[in-house]
Amino acid sequence: MFIALWEFFYGHFFRFWMKWLLRQMTGKCELQRIFDTYVGAQRTHRIENSLTYSKNKVLQRAPLVVQSEVDRCVEDIMKEKNINPEKDDSFKISMKACLLQISGYKQLYLDVESVRKKPYDSDNLQHEKLLIKLWNLLMPTKKLKARISKQWADIGFQGDDPKTDFRGMGILGLINLVYFSENYTSEAHQILSRSNHPKLGYSYAIVGINLTEMAYSLLKSEALKFHLYNFVPGIPTMEHFHQFYCYLVYEFDKFWFEEKPESIMYFNVYREKFHEKIKGLLLDCNVSLTLKI
């Protein structure tokens, strides 16, 4: 209750007078002071909060603009805050960079969600080609005898037809599996081999799809903001989402073998433990989780 009261009074009274006082002392608005003080994700995050909680309607709308409206939005902000571009020539550049990151994150979520909602369709030739490509990447010396086959278990699918395993994450799960296998082929082969360990083994493809869900949920909850704001100086794209997925796959395999679970039956317990570890890392405003081979 105390926290709620503090947030109410701070948001409605103290913040306004604090901003007014600092402007009188420095001659700069809050946005300018943020640019002078912070860099990286801290800067973008603070700018986003300042705009969101502003009482000015122009500033409130700024975090919601689409990429094509960013330049005009920056001009509107400068006009509202009486910022002279001749006196502060870096403001326009810095504000544009922040708004591109903010709008880009929102667009990335929409793009990922759009792909996730597309179910795997065995009548779609592109989907089928992608699935066969996954097999060929992971099992280059072993020919797939039939589309419906028990061989799929060799790369960690549950049944004879992998399409049933993509229900939760749609085609996104397959795209991620192929991306990792294509861009980190030797690591994918190594992890697939380790997943067949007689005691610590797990279903490679099923775990990969599960980690797609983890990456998606972290993106949706906005937990990836610090990471992407640090990792991507411009507009985050699907490529950056796939890169984060690759980081999860590589790190989960290390985590699994370090933890040495008693049985695959405890998968959900260790999956959640790994999830909490990643969420903890993402709380660091300087975080940048990249796959380092």
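The values are calculated or read from the model by the stated rules, or taken from the named source; none is laboratory data. What you see is a predicted model, and the numbers here were worked out from it, not measured in a lab. Cβ placement follows ideal geometry from the backbone for every residue including glycine, while neighbour counts extend to all protein chains displayed. Accessible surface is based on the protein model in full, side chains and every heavy atom, while ligands, DNA and RNA are left aside. Shrake-Rupley method; radii C 1.70, N 1.55, O 1.52, S 1.80 Å.
Things worth noting here:
- Condition check for residue 260: charged (D, E, K, R) and open to solvent by 30 Å² or more (accessible area, probe 1.4 Å): yes
- Residue within region 96-115 that is surrounded by 13 or more Cβ atoms within 10 Å (Cβ to Cβ) and more than 19 Å from the chain's Cα centre (by Cα) present: yes
- First in region 66-81 and closer than 21 Å to residue 30 by Cβ, second anywhere and small (Gly, Ala, Ser), Cβ under 7 Å, 6 or more apart: 70/103; 73/62; 77/62
- Note on region 268-293: residues that are open to solvent by less than 50 Å² (accessible area, probe 1.4 Å), modelled with pLDDT under 95 and either within 23 Å of residue 39 (Cβ to Cβ) or not in a loop (DSSP other than H, G, I, E, B) (or both) total 1.
- First in region 163-185 and at pLDDT below 95 and surrounded by fewer than 23 Cβ atoms within 10 Å (Cβ to Cβ), second anywhere and in a helix (DSSP H, G or I) and not aliphatic (A, V, I, L, M), Cβ under 7 Å, 6 or more apart: 168/213
- Considering only residues in region 198-220 that are open to solvent by 20 Å² or more (accessible area, probe 1.4 Å) and free of Cβ contacts under 8 Å to residues at least 40 places away in the same chain, the one that is farthest from residue 258 (Cα to Cα) turns out to be 217.
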